[in-house]
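The values are calculated or read from the model by the stated rules, or taken from the named source; none is laboratory data. Because the structure is predicted, anything quoted here is derived from the model rather than measured. We place every Cβ from the backbone using ideal geometry, glycine too, and count neighbours over all the protein chains shown.
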Amino acid sequence: MKQISLPLRLISLGLLLLFVLSAMLPKSAVKATPLNLATPAAQETCDSTRTIQVTGSAMINVIPDKAVIQLGVQSSGVTPDDVQNINASTMQQVLKALQAQGIETKDISTDIYIIEPVYDNYNSLFIKGYRINNLVAVTLRDIQKTSKLIAAALKADANQVVSVEFYTNDLRKYRDQARELAMQAAREKADALAQTAGAEAGCVLNITENSWSYYNGWWYGASQNQMMTQNVIQNAAQSSTASGNGDEPISLGQISIKAEISASFSLK
(Lines give C-alpha, C1' and ligand atoms only; values in the text may rest on other atoms or scores of the structure.)
Protein backbone atom coordinates (compact mmCIF):
# COMPACT_ATOMS: atom_id res chain seq x y z
CA MET A 1 0.00 0.00 0.00
CA LYS A 2 1.36 3.37 -1.03
CA GLN A 3 2.04 5.84 1.74
CA ILE A 4 0.79 9.42 1.49
CA SER A 5 3.54 11.91 1.05
CA LEU A 6 4.43 14.21 3.89
CA PRO A 7 3.28 17.49 2.23
CA LEU A 8 -0.18 16.10 1.49
CA ARG A 9 -0.49 14.86 5.06
CA LEU A 10 0.37 18.30 6.40
CA ILE A 11 -2.19 20.00 4.15
CA SER A 12 -4.94 17.58 5.17
CA LEU A 13 -4.13 18.06 8.85
CA GLY A 14 -4.29 21.87 8.45
CA LEU A 15 -7.68 21.74 6.78
CA LEU A 16 -9.04 19.45 9.51
CA LEU A 17 -7.78 21.77 12.22
CA LEU A 18 -9.36 24.82 10.51
CA PHE A 19 -12.71 23.02 10.27
CA VAL A 20 -12.64 22.10 13.98
CA LEU A 21 -11.81 25.66 15.05
CA SER A 22 -14.62 27.20 12.96
CA ALA A 23 -17.12 24.77 14.47
CA MET A 24 -16.06 25.73 17.99
CA LEU A 25 -16.57 29.50 17.47
CA PRO A 26 -19.95 30.96 18.72
CA LYS A 27 -22.39 31.91 15.99
CA SER A 28 -22.70 35.47 17.31
CA ALA A 29 -19.02 35.97 16.60
CA VAL A 30 -19.42 35.34 12.89
CA LYS A 31 -22.82 36.96 12.40
CA ALA A 32 -22.66 40.11 10.27
CA THR A 33 -23.77 43.29 11.98
CA PRO A 34 -26.36 45.15 9.87
CA LEU A 35 -25.52 48.71 8.95
CA ASN A 36 -27.76 51.43 10.36
CA LEU A 37 -28.41 53.53 7.27
CA ALA A 38 -31.15 55.64 8.85
CA THR A 39 -30.27 59.30 9.12
CA PRO A 40 -30.97 61.22 12.34
CA ALA A 41 -33.71 63.16 10.53
CA ALA A 42 -35.42 59.92 9.50
CA GLN A 43 -35.27 58.61 13.09
CA GLU A 44 -37.07 61.66 14.46
CA THR A 45 -40.76 61.24 15.23
CA CYS A 46 -43.45 63.86 15.48
CA ASP A 47 -44.69 64.58 18.96
CA SER A 48 -48.44 64.59 18.58
CA THR A 49 -49.05 65.45 22.25
CA ARG A 50 -48.09 69.12 21.74
CA THR A 51 -49.54 70.67 18.60
CA ILE A 52 -50.44 73.97 17.01
CA GLN A 53 -53.23 74.32 14.46
CA VAL A 54 -53.29 77.23 12.00
CA THR A 55 -54.98 78.27 8.79
CA GLY A 56 -53.50 79.89 5.72
CA SER A 57 -55.22 81.25 2.64
CA ALA A 58 -54.16 82.71 -0.67
CA MET A 59 -55.96 84.24 -3.62
CA ILE A 60 -54.72 84.72 -7.16
CA ASN A 61 -56.50 87.19 -9.44
CA VAL A 62 -56.45 86.25 -13.12
CA ILE A 63 -57.71 88.12 -16.17
CA PRO A 64 -60.06 85.76 -18.06
CA ASP A 65 -59.13 84.47 -21.48
CA LYS A 66 -62.35 82.68 -22.48
CA ALA A 67 -66.05 83.56 -22.45
CA VAL A 68 -69.17 81.40 -22.68
CA ILE A 69 -72.20 83.32 -23.99
CA GLN A 70 -75.72 81.92 -23.76
CA LEU A 71 -78.01 83.46 -26.37
CA GLY A 72 -80.78 82.39 -28.70
CA VAL A 73 -84.18 82.86 -30.27
CA GLN A 74 -87.62 82.73 -28.72
CA SER A 75 -90.40 82.31 -31.31
CA SER A 76 -94.19 82.11 -31.24
CA GLY A 77 -96.67 80.62 -33.72
CA VAL A 78 -100.22 79.39 -34.05
CA THR A 79 -99.33 75.74 -34.69
CA PRO A 80 -96.32 73.62 -33.72
CA ASP A 81 -95.23 73.47 -37.36
CA ASP A 82 -95.46 77.24 -37.74
CA VAL A 83 -93.38 77.99 -34.66
CA GLN A 84 -90.76 75.36 -35.55
CA ASN A 85 -90.33 76.75 -39.06
CA ILE A 86 -90.06 80.32 -37.78
CA ASN A 87 -87.59 79.40 -35.05
CA ALA A 88 -85.42 77.21 -37.28
CA SER A 89 -85.16 79.89 -39.96
CA THR A 90 -84.23 82.62 -37.47
CA MET A 91 -81.78 80.38 -35.64
CA GLN A 92 -79.98 79.58 -38.90
CA GLN A 93 -79.48 83.32 -39.44
CA VAL A 94 -78.01 83.66 -35.95
CA LEU A 95 -75.65 80.72 -36.44
CA LYS A 96 -74.41 82.13 -39.74
CA ALA A 97 -73.76 85.46 -38.03
CA LEU A 98 -71.77 83.73 -35.28
CA GLN A 99 -69.69 81.80 -37.80
CA ALA A 100 -69.03 85.01 -39.72
CA GLN A 101 -67.39 86.29 -36.50
CA GLY A 102 -64.96 83.37 -36.55
CA ILE A 103 -66.81 81.02 -34.21
CA GLU A 104 -66.21 77.39 -35.13
CA THR A 105 -69.03 74.84 -35.18
CA LYS A 106 -67.49 72.88 -32.29
CA ASP A 107 -67.77 75.99 -30.10
CA ILE A 108 -71.57 76.25 -30.57
CA SER A 109 -73.83 73.82 -28.74
CA THR A 110 -77.58 73.74 -28.09
CA ASP A 111 -78.13 74.51 -24.44
CA ILE A 112 -81.92 74.67 -24.19
CA TYR A 113 -84.66 73.75 -26.65
CA ILE A 114 -88.21 73.90 -25.29
CA ILE A 115 -91.53 73.95 -27.16
CA GLU A 116 -94.60 74.67 -25.05
CA PRO A 117 -98.23 75.63 -25.52
CA VAL A 118 -99.45 79.17 -24.85
CA TYR A 119 -102.82 79.27 -23.12
CA ASP A 120 -105.49 81.93 -23.46
CA ASN A 121 -105.07 82.83 -19.80
CA TYR A 122 -103.79 81.30 -16.58
CA ASN A 123 -106.97 79.39 -15.76
CA SER A 124 -107.86 78.44 -19.32
CA LEU A 125 -107.04 75.19 -21.11
CA PHE A 126 -107.57 76.77 -24.52
CA ILE A 127 -104.30 76.81 -26.49
CA LYS A 128 -103.95 79.91 -28.59
CA GLY A 129 -100.47 79.16 -29.89
CA TYR A 130 -97.04 77.69 -29.22
CA ARG A 131 -93.68 79.07 -28.12
CA ILE A 132 -90.15 77.78 -28.67
CA ASN A 133 -87.22 78.79 -26.52
CA ASN A 134 -84.00 77.85 -28.34
CA LEU A 135 -80.71 78.78 -26.64
CA VAL A 136 -77.14 77.99 -27.64
CA ALA A 137 -73.93 78.21 -25.62
CA VAL A 138 -71.13 79.91 -27.57
CA THR A 139 -67.52 79.50 -26.45
CA LEU A 140 -65.58 82.62 -27.39
CA ARG A 141 -61.80 82.24 -27.29
CA ASP A 142 -61.06 85.86 -28.19
CA ILE A 143 -62.85 87.66 -25.40
CA GLN A 144 -62.12 91.05 -26.92
CA LYS A 145 -64.91 90.23 -29.39
CA THR A 146 -67.55 89.68 -26.72
CA SER A 147 -69.68 92.75 -27.37
CA LYS A 148 -69.15 92.55 -31.14
CA LEU A 149 -70.34 88.94 -31.18
CA ILE A 150 -73.47 89.73 -29.17
CA ALA A 151 -74.28 92.68 -31.42
CA ALA A 152 -73.91 90.48 -34.52
CA ALA A 153 -76.26 87.86 -33.04
CA LEU A 154 -78.88 90.48 -32.15
CA LYS A 155 -78.61 91.98 -35.63
CA ALA A 156 -79.38 88.50 -37.03
CA ASP A 157 -82.66 88.52 -35.02
CA ALA A 158 -81.53 86.76 -31.85
CA ASN A 159 -83.81 88.09 -29.11
CA GLN A 160 -82.30 86.55 -25.98
CA VAL A 161 -78.93 87.05 -24.29
CA VAL A 162 -79.18 85.09 -21.06
CA SER A 163 -75.67 85.13 -19.65
CA VAL A 164 -72.01 85.91 -20.32
CA GLU A 165 -69.51 84.04 -18.14
CA PHE A 166 -65.75 84.48 -18.16
CA TYR A 167 -63.19 81.71 -17.53
CA THR A 168 -59.49 80.98 -17.62
CA ASN A 169 -57.95 78.10 -19.54
CA ASP A 170 -55.21 77.73 -16.90
CA LEU A 171 -57.42 77.21 -13.86
CA ARG A 172 -55.46 74.13 -12.72
CA LYS A 173 -52.14 75.96 -12.84
CA TYR A 174 -53.38 78.93 -10.84
CA ARG A 175 -55.21 76.68 -8.36
CA ASP A 176 -51.97 74.81 -7.68
CA GLN A 177 -50.18 78.12 -7.17
CA ALA A 178 -52.86 79.26 -4.72
CA ARG A 179 -52.54 76.01 -2.74
CA GLU A 180 -48.77 76.41 -2.54
CA LEU A 181 -49.06 79.99 -1.32
CA ALA A 182 -51.72 79.03 1.24
CA MET A 183 -49.52 76.25 2.64
CA GLN A 184 -46.59 78.65 2.80
CA ALA A 185 -48.76 81.14 4.69
CA ALA A 186 -49.86 78.45 7.16
CA ARG A 187 -46.27 77.42 7.81
CA GLU A 188 -45.15 81.01 8.36
CA LYS A 189 -47.99 81.59 10.77
CA ALA A 190 -47.19 78.41 12.72
CA ASP A 191 -43.51 79.40 13.00
CA ALA A 192 -44.39 82.91 14.20
CA LEU A 193 -46.93 81.77 16.79
CA ALA A 194 -44.70 78.99 18.12
CA GLN A 195 -41.75 81.38 18.46
CA THR A 196 -43.92 83.86 20.34
CA ALA A 197 -44.85 81.09 22.78
CA GLY A 198 -41.23 80.08 23.28
CA ALA A 199 -41.44 76.92 21.21
CA GLU A 200 -40.70 75.78 17.69
CA ALA A 201 -43.04 74.41 15.02
CA GLY A 202 -42.04 70.94 13.92
CA CYS A 203 -43.36 68.50 11.37
CA VAL A 204 -46.81 68.57 9.78
CA LEU A 205 -49.35 66.23 11.40
CA ASN A 206 -52.33 66.78 9.10
CA ILE A 207 -53.56 69.09 6.33
CA THR A 208 -57.08 70.04 5.23
CA GLU A 209 -57.51 71.98 1.97
CA ASN A 210 -60.34 73.86 0.29
CA SER A 211 -60.16 75.88 -2.94
CA TRP A 212 -62.58 77.55 -5.33
CA SER A 213 -62.80 80.26 -7.97
CA TYR A 214 -65.30 83.00 -8.81
CA TYR A 215 -65.62 85.91 -11.20
CA ASN A 216 -65.08 89.49 -10.09
CA GLY A 217 -66.82 91.88 -12.46
CA TRP A 218 -70.07 93.26 -13.80
CA TRP A 219 -72.19 91.86 -16.59
CA TYR A 220 -75.93 91.99 -17.22
CA GLY A 221 -76.89 92.96 -13.70
CA ALA A 222 -74.69 90.42 -11.92
CA SER A 223 -73.40 91.84 -8.67
CA GLN A 224 -69.68 92.14 -8.09
CA ASN A 225 -68.30 89.46 -5.81
CA GLN A 226 -65.87 90.62 -3.17
CA MET A 227 -64.09 88.48 -0.62
CA MET A 228 -61.23 89.25 1.74
CA THR A 229 -58.40 86.79 2.26
CA GLN A 230 -56.32 86.73 5.41
CA ASN A 231 -52.79 86.07 4.19
CA VAL A 232 -51.78 86.29 0.55
CA ILE A 233 -53.20 88.00 -2.55
CA GLN A 234 -51.34 87.72 -5.83
CA ASN A 235 -52.16 89.05 -9.27
CA ALA A 236 -51.19 86.69 -12.05
CA ALA A 237 -49.13 88.15 -14.85
CA GLN A 238 -51.32 89.53 -17.61
CA SER A 239 -50.79 88.12 -21.07
CA SER A 240 -50.66 90.39 -24.10
CA THR A 241 -53.82 88.81 -25.49
CA ALA A 242 -55.74 89.44 -22.31
CA SER A 243 -55.11 93.16 -22.07
CA GLY A 244 -57.67 95.22 -23.91
CA ASN A 245 -56.97 98.01 -26.34
CA GLY A 246 -59.50 100.33 -24.76
CA ASP A 247 -62.04 100.01 -27.56
CA GLU A 248 -64.20 97.37 -25.90
CA PRO A 249 -67.24 98.73 -24.03
CA ILE A 250 -66.92 96.00 -21.39
CA SER A 251 -64.57 95.51 -18.47
CA LEU A 252 -63.20 91.99 -18.26
CA GLY A 253 -62.78 92.06 -14.50
CA GLN A 254 -60.87 89.24 -12.83
CA ILE A 255 -61.29 85.63 -11.85
CA SER A 256 -60.32 85.12 -8.22
CA ILE A 257 -58.89 81.71 -7.41
CA LYS A 258 -58.70 81.08 -3.69
CA ALA A 259 -57.24 78.28 -1.61
CA GLU A 260 -57.47 77.72 2.14
CA ILE A 261 -55.29 75.40 4.18
CA SER A 262 -55.86 74.18 7.74
CA ALA A 263 -52.78 72.41 9.12
CA SER A 264 -51.57 70.99 12.42
CA PHE A 265 -47.88 71.11 13.34
CA SER A 266 -46.06 69.45 16.23
CA LEU A 267 -44.39 71.66 18.83
CA LYS A 268 -40.87 71.07 20.02
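Things worth noting here:
- Index of the failed condition, N87 passing every other in (1) closer than 14 Å to N159 by Cα; (2) not in a helix (DSSP H, G or I): (2)
- Residues in the stretch 84-114 that are over 33 Å from the mean Cα position of the chain (by Cα) and within 15 Å of Q160 (Cβ to Cβ): I86, N87, T90, M91, Q93, V94, A97, I114.
- Residue within the stretch 93-100 that is loosely packed, with under 13 Cβ neighbours inside 10 Å and out of contact with any Pro (no Cβ under 6 Å at 6 or more places or on another chain) present: yes
- Conditions (1) within 30 Å of E200 (Cα to Cα); (2) assigned by TED's automatic domain parsing to the domain that holds K145: number failed by S57: (2)
- Test result for Y174, at pLDDT below 90, under 15 Å from the mean Cα position of the chain (by Cα) and either assigned to a helix (DSSP H, G or I) or farther than 19 Å from I261 by Cβ (or both): no
- Residue match in the stretch 113-134 (condition: at pLDDT 95 or above and within 30 Å of I63 (Cα to Cα)): no
- Extreme residue, farthest from F126 (Cα to Cα), among residues of the stretch 51-98 that are in contact (Cβ under 8 Å) with a residue 12 or more places away in the chain and acidic (D, E): D65
- Looking only at the stretch 56-72, and only at residues there that are more than 29 Å from A158 (Cα to Cα) and buried (at least 22 other Cβ atoms within 10 Å of the Cβ), the one that is farthest from the chain's Cα centre (by Cα): G56
- Candidates S109, S147, S163, filtered to the one that is without any contact (Cβ under 8 Å) to a residue 40 or more places away in the chain and either surrounded by fewer than 17 Cβ atoms within 10 Å (Cβ to Cβ) or not in a helix (DSSP H, G or I) (or both): S109
- Residues that are of a type in the set (K, R) and under 15 Å from G72 (Cβ atoms), drawn from the stretch 98-132: R131
- Scanning the stretch 7-18 turns up no residue that is closer than 30 Å to R131 by Cα, at pLDDT 65 or above, among the charged types (D, E, K, R) and exposed (fewer than 12 other Cβ atoms within 10 Å of the Cβ).
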